[in-house]
Each structure stands twice: as structure tokens, then as C-alpha cells.
Amino acid sequence: MSASGVEAGRGSGVVRGERLSALAQQHGALVALLVLALVASFSFDSFATGDNIENLAMTSSFLAVVALGMTFVIVTGGIDLSVGSVFALGGVLAAWGSRYGALVALLLPLAVCGLIGCVNGLLIARTRLAPFIVTLAAMLAARGLMLNITDEGATTYLVDKETVFVHLGQGRLLGVGAPVWITGALFLAGAVALRRTRFGQNVYAVGGNEDAAALMGAPVARTKITVYTLSALLAGLAGALNAAWLASGVTILGYGMELDAIAAVVIGGTLLSGGLGFVSGSLVGVLLLKTIQNIINQIGSLDSAYQQVVSGGFLVVVIIAQTWLARRRRVA
Amino acid sequence: MADVALRNALPADRAAAVRWLQEYGVYAGVVVLLLFNVAFTDHFLSAANFRTQAVQVAPVLVVALGMALAIGTEGIDLSVGSVMALSTSLLSLYLGYGPWVALLTVVVGGVVIGLANGTLIAFVGVQPIVATLALMVGTRGLALVMLPQLKDVRDPTLLSLGSGDVVGVPYLVLIAAALAVVVAFVVRRTTFGRQLLAIGDSRPAAQLAGLPVRRVLITVYVCSGVLAAVAGFLSTARLSASDPTSLGQLMELSAITAVVVGGTPLTGGRVRVGGTVAGALLIQLLTATLIKHDLSPSWTQLAQAVVIILAVYAARERGKR
């Protein structure tokens, strides 16, 4: 999986074609989402209702927070398979910690999950092990830790309703749930961090060409450690918010979440080979995945199995399109 | 690069020891675990126990063999667990026409998914992890659409395949061992095997040398699909039930672990079939040991994580330079 010279084609002759492919790659998912939402709201009376939209936004928000961290990791050319387990661990830790107050409920999962991410980053950056393998091991380890805390999944910790922590999941502001607000704020911060800061520049540089970035003096190791820590922190936070929303630390959550997050990021136009991507695309990717799910739920006769078939087929189409567009840009 | 310098600086005997560990560490690990269990685990030295361990490891090994081929080309196949589920669904649906017809449909299912993976990877140019991820999601769905819930399997031929044996060696173990021998032969002695490793070493170089890169890649993913399908067939025979919801869940991770622990580098260009067999056995024995000594499954997962990291860390100097 070599770093590609995606940006290399800039300034050459076929500018218009290149720009069109770039636009399609960046905003194709958004167009698909708008068309899908439009068709769905005409086809089903139950789609464009306040309750349904709110439900859609709420269930999307947790995956979106995970996908935000995954975006940073993937832009550096890496991958984080541990987020599903870390999400589950974060939820359980938050629920367990809520008996000691809201602060513990929030900080405990962040501390533990952040530590896991930091270890991931250290192993990947310092010993040059493949991100795929390191985060796979972290996935097993985090799941093991979570099972350990919950007596092999037998104990479900309930979130203490007395603490303010519950409001992070169930609170509302201007009719919109707190997790949705938090997700919005995080994405705004993420977009600024990736586009407008030195750290963001380093993330792109490491993903574009690691050796070149090192030669230019970019702190490659530090950048990698930061993105994996960030990814685990966000996954842990998403787990904690989810626990606050459900008022319990559910142990069976998070299975396959890493795949959903990766899919959302890829659909959103971020290249898995690194060096190119943006956070708003990931948000659109999450919304697109969740809207498809939602529509399939509206069609009562289609069960969750069809949901997977449709998601898989859709993923194949998007991936082919993305690969094709990326190659066009490279050739142009 | 720094690692090589470091290794050259080591005293000769220590460098040799490190190399020996890299090459034979996984076998040593299996032997150590065996000895530990013989000494400290009650009822370990029984035919029934050996049989249980071997039968449990057989399907994992069959999947891992295909995974080793994919990893040898610097690829990966995440769809194997879902292919097992598809295979168990197909098996249940076509068992009415006899077990051999059912086996045929199972193999066809594996070929189709493998072709889809291979086409995406070889012709469209999608990264293996992405292509097989998409197929993983879709194939599991397909399996569940075909067979929405668990179904018992009562076919006598299949049941005897799952539980029968030849002079004490279960059929499942024989089949897995035979497949391992075939894969080892293909990797070492055939043109296809050499081409596969050349592609894993450097795909551009293989292309320049005029190797049929696309054809080899497609064949590799078809092999992986078929082996996963056969593993699904064997698992169904062993469990005497078709359960597309849970069969093969996380199997891709077990298979990757066995391959990597067995010393096949993720960077491609090398396939260690013997190591893969030992890797699968090591994970199985580790799990069994921890459970027998009353450590819960959560500890097994933690231990597995540590073993993976250690194995890959030890193996990283073997990666291509």
C-alpha cells in the first residue's frame, strides 16, 4: 500500500477534467445523500417527520464521532481497527464511573481510551509495525479489558441518574439532542485542525509521502502518535456519550463499528492510501450509511439482512468510483 | 534500516539466536505450551482432548491457508468469515439434492465471491483491505437473506463427515492437513507459487517482468474464497447446524493471526505454510490452556493481543527490504 502521488497532477494541461473528477470525488456522496433523502421523503410519509430525522441524527452522531478520529488516521495512510472495542470499553467505563460523579464518568473513559490510542501510536510510529496489526491487537485487548470489567459481559453497569453526566446523552438544546450538538462542535474543531493548523499540514504530509515529510522536517512519529491517540479518545468519548444516552454501559455494542467508520470515511472521499481527505466528507458518509439503514427500516418487509446486502453493494459502487476518480486525477 | 545495523553489531551467536527464534519461534511456542499442559493441566494427555483441540483448529487452519496466499501477494482477505456464512446457507438450501451437490454449490459460492474480490483488486485497482471489506459486509447479508435463522442439519453423510474418523484421526483433521500439504506444494513447487511470491515482493517488478499479475491475483482470491467456503462446509458438518448469523464471525482475524504468528510477513513475498499450521495450533493451545486454568475468555483475548504484537515485532526484520 504505497503512498500515492495524488497531488502530483496539479498544474498540468487537463485542468477542467481534473477539477470535475475532484469535485465528484469530494461531493459525490453529498449529492447521493441529497437525492436519496429527497426520494425517500416523497416515497415514505414516515421519513421526513421530525421524530425520524431526530432519531437519524442521534444514531448517526455516535458513529460520526468515531469516524472523525478515523479520518485523521486514514489521512496519515493508517487504519484503526480498535475503535469498535474502544467504543464499547468507553461506554462501560463511563457507566461504571458515573457512581463517582459526572467528572469521573467522563474522564475515566477518556483517560483509559486515550492511553490505548497512545500505545497504538507509539507501537506504530516507533517500532514501525503495521497499523493494521497493532490496532487489531488493541481491538482484542480493549475487548478483553471490557469483558474483564463486566464479568465476561454478565454485568451491565447502569448510569447514575443523579449526576449531570446523563445530560450529555439525554439533554436537549433548542429541540436538538446534546450528542448532536457535541458532534457538530467536534467536527467543526476537526475541520479547523485538519485544514488550518500546522498539525493538519503534518497529517497530510505524512499521508502523502512519509519519507518526504521526514526529510522536510515534519515530526512524523509525533503526528502518528497524535492521530491514533485522537482516534481512541474520540471512540471512547462516543462510547461514553452513547452510555449516557442509553443510561447504561451496554457490553455488546461496537462490533463491526470499525468497518462502518472506515466505510463512512471512504464514502466521504478520503483516500485509504492517505494524503487526501476531509472531515465533512466523513460526516456525509455516516449520514449516507445511516439514511440507507433508515430507509430499509421504513420498508417494513426488508429486514436487516437486505440492509447488509445493500450496504455492501453500495460500498462496492462507491469504492470503484473513488478508485477510478483518484486514478484519473493521478493521470491528469 | 537501523535494525539491520543493530543486528550486524550483535555478537554472532546472539544474532544467530535471534534468527533462530524468528524462524522457529512459533514451533518452540507450540512445544512449550504442550509441555506446560502435560505437566500442569489435568486430563490433558487424553485422546479425547487432543481430538477436541484438533477438530476445533481444523476450520481455522483451512481459512488461514487461503489467507496466507493473499498475504503472500501483499494483500488481505477480510471476507472469509462471511464466505463461511454464505457457504453454510448454501449448504442448508441445497442439501436436499444430496451432500455432493450441496458441496458443489458451496464451492461455486466461494469462487464467485473470490472472483468479485479478485476483479476489484486486480482490474479496478482497489486496495485489498477495502475491496474485501465491502464484500465482507455484502456477503454476510446475502447469507442471511438466503437463510434467515439457524437450521439443523440432519444429513447422515455430512454428520459422519463432521464426527467420523479414520483410525482415530478425525476426517476434518485429515482434510485440513491434506489442504495444507497441497498449499505448501503449490507455493513451493509450482510456477503459480513463484509468480505469487514475486508479485508480493514487488508488484511493479513482476509487471515489468511480464508476469500475468492480474490472473495470479484473481486466482489467489478465488483460492481464498474456495478454502473459506470449504471451511464453512466443514464447520457446518462439525456443528451439525447452519447458523449464518454467527458462523465465521471474526474468523478473518483468527486467520490473519495464525498466518502472522506463523511468520508470514504482511509485506508479502513470502508464505510459510508450516508456520501457519503452527500459528493456528499456538492460538488454539493458548486459548485452551488459559480456559483450563480457569482464566476467563477476556484474558484469552488479552493474551492473544500480546502474542500478535510479539510475533510481528519479532518478524519485522524478516520483512522485505
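Based on DSSP H runs of at least 4 residues, each adding -39500 (n - 2.57), what is the mean residue ellipticity at 222 nm of chain A after dividing by all its residues, to the nearest 500 deg cm²/dmol?
-25000 deg cm²/dmol
With θ set to phi - 60° and the Karplus curve 6.51 cos²θ - 1.76 cosθ + 1.60, what are the ³J(HN,Hα) couplings of the stretch B:164-181 in order, to the nearest whole Hz, using x for Gly and Pro?
x, 8, 10, 5, x, 9, x, 3, 4, 5, 4, 4, 4, 5, 4, 5, 4, 5
Please state the shape class of the protein assembly as shown: rounded when a/c is under 1.5, otherwise prolate if a/b exceeds b/c and oblate if not, all from the C-alpha gyration tensor.
Rounded is the answer for the protein assembly as shown, as its axis ratio a/c remains below 1.5.
Bins of 10 Å, beginning at zero and ending with the bin holding the largest distance: percent of Cα pairs per bin for the stretch B:173-249, please.
17, 37, 25, 17, 4
Below 19 Å, Cα to Cα, which aspartates and glutamates can residue B:292 reach? Residues fewer than 8 away in the same chain don't count.
A:151, A:152, B:42
Hey, if you put +1 on the Cβ of every Lys and Arg and -1 on every Asp and Glu Cβ in chain B, which of B:313, B:250, B:291 ends up farthest toward the positive end of that dipole?
Ranked along the dipole, the leading option is B:313.
Under 14 Å from the Cβ of residue B:301, count the other residues' Cβ atoms, weight Lys and Arg +1, Asp and Glu -1, and hand me the total.
So the surrounding residues net to 0.
From the phi of every residue in the stretch B:191-203, what ³J(HN,Hα) in whole Hz does the Karplus formula 6.51 cos²θ - 1.76 cosθ + 1.60 yield, where θ is phi - 60° and glycine or proline is x?
Once rounded to whole Hz, the list reads 4, 4, x, 5, 5, 4, 5, 5, 5, x, 5, 7, 5.
What number comes out for the charge environment of residue B:110, summing +1 per Lys or Arg and -1 per Asp or Glu over other residues with Cβ under 15 Å away?
Local charge sum for residue B:110: -1.
In whole percent, what relative contact order does chain B give with Cα contacts below 8 Å and a gap of six or more residues?
32 percent
Sum -39500 (n - 2.57) across every DSSP H segment of at least 4 residues in chain B, then divide by the residue count to get the 222 nm mean residue ellipticity, nearest 500.
Only helices count here, giving -25000 deg cm²/dmol.
Beyond 25 Å, how much of the Cα-Cα pair distribution for the stretch A:61-204 remains, as a whole percent?
The share of Cα pairs beyond 25 Å in the stretch A:61-204 comes to 35 percent.
Using the Karplus curve 6.51 cos²θ - 1.76 cosθ + 1.60 with θ = phi - 60°, work out ³J(HN,Hα) for each residue of the stretch B:47-58 in order, rounded to whole Hz, and write x for Gly and Pro.
4, 4, 5, 4, 4, 4, 4, 5, 5, 5, 7, 4
Return one quarter of the surface area of the convex hull spanned by the alpha-carbon atoms of chain A, equal to its mean projected area, in nm².
17.7 nm²
Can you give me the C-alpha center-to-center distance between the stretch B:253-274 and the stretch B:68-127, rounded to a whole angstrom?
Taking the Cα centre of the stretch B:68-127 as reference, the centre of the stretch B:253-274 is 20 Å away.
State to the nearest 20 debye the size of the charge dipole of the stretch A:133-257 about its Cα centre, where the only charges are +1 on K and R beta carbons and -1 on D and E beta carbons.
Roughly 480 debye, rounded to the nearest 20.
Explain nothing, just the number: dipole magnitude of the stretch A:64-170 about its Cα centre with +1 on each Lys and Arg Cβ and -1 on each Asp and Glu Cβ, in debye rounded to the nearest 20.
280 debye
Would you tally the net charge around residue A:142, using a Cβ to Cβ cut-off of less than 12 Å, leaving residue A:142 out, and scoring K and R as +1, D and E as -1?
Residues close to residue A:142 contribute a combined charge of -1.
Under 5 Å between amide hydrogens, which residues at least 5 positions from residue B:165 or on another chain qualify, with H placed 1.01 Å from N in the peptide plane?
B:171
From zero outward in steps of 5 Å, how is the percent of C-alpha pairs of the stretch A:235-290 spread across the bins?
Cα pair-distance distribution for the stretch A:235-290, in percent: 4, 19, 21, 20, 18, 10, 5, 2.
Pick out, from A:113, A:44, A:253, the residue whose Cα sits farthest towards the positive end of the charge dipole of chain A, with +1 on the Cβ of Lys and Arg and -1 on the Cβ of Asp and Glu.
Final value for the positive-end residue is A:113.
With 5 Å bins from zero, work out the P(r) of the stretch B:57-320 over every alpha carbon pair and list the percent per bin.
1, 7, 13, 17, 18, 17, 13, 8, 4, 1, 0, 0
Checking the a/c ratio against 1.5 first, then a/b against b/c, what shape does the Cα gyration tensor give for the stretch B:169-321?
Judged from the Cα gyration tensor, the stretch B:169-321 comes out oblate (a/c at least 1.5, b/c at or above a/b).
Determine the gain in length on full extension of the stretch residue A:46-residue A:151; use 0.36 nm per residue of separation and subtract their C-alpha separation, reporting nm with one decimal.
That works out to 33.7 nm of additional length.
Chains B and A: buried accessible surface, both sides, probe 1.4 Å, rounded to 100 Å²?
Chains B and A together bury roughly 3400 Å² of accessible area.
Using +1 at the Cβ of each Lys and Arg and -1 at the Cβ of each Asp and Glu in chain A, identify which of A:88, A:71, A:176 lies farthest towards the dipole's positive end.
A:71
Based on the alpha-carbon gyration tensor of the stretch A:195-261 and its eigenvalue square roots a ≥ b ≥ c, which shape applies: rounded if a/c is under 1.5, prolate if not and a/b is larger than b/c, or oblate?
Prolate shape, in that a/c is at least 1.5 and a/b is the bigger ratio.
Report the Rg/Rh value for the stretch B:84-213, based on alpha-carbon coordinates and the Kirkwood definition of Rh.
Using only Cα positions, Rg/Rh for the stretch B:84-213 is 1.06.
With only Lys, Arg, Asp and Glu charged, each at its Cβ (+1 for the first two, -1 for the last two), find how big the charge dipole of the protein assembly as shown is about the Cα centre; round to the nearest 20 debye.
In total the dipole reaches around 1980 debye.
Return the distance in nm (one decimal) between the two label points of a simple spin-label model at residue B:45 and residue B:159, each offset 7 Å from Cα along Cα→Cβ.
3.6 nm
The values are calculated or read from the model by the stated rules, or taken from the named source; none is laboratory data. If you're wondering where the values come from, they're calculated on a predicted model, not measured in any experiment. Cβ: placed from backbone, ideal geometry, glycine included. Neighbour counts: every protein chain shown. Quick note on the areas: whole protein, heavy atoms, side chains included, nothing else; ligands and nucleic acids left out. Shrake-Rupley method; radii C 1.70, N 1.55, O 1.52, S 1.80 Å.
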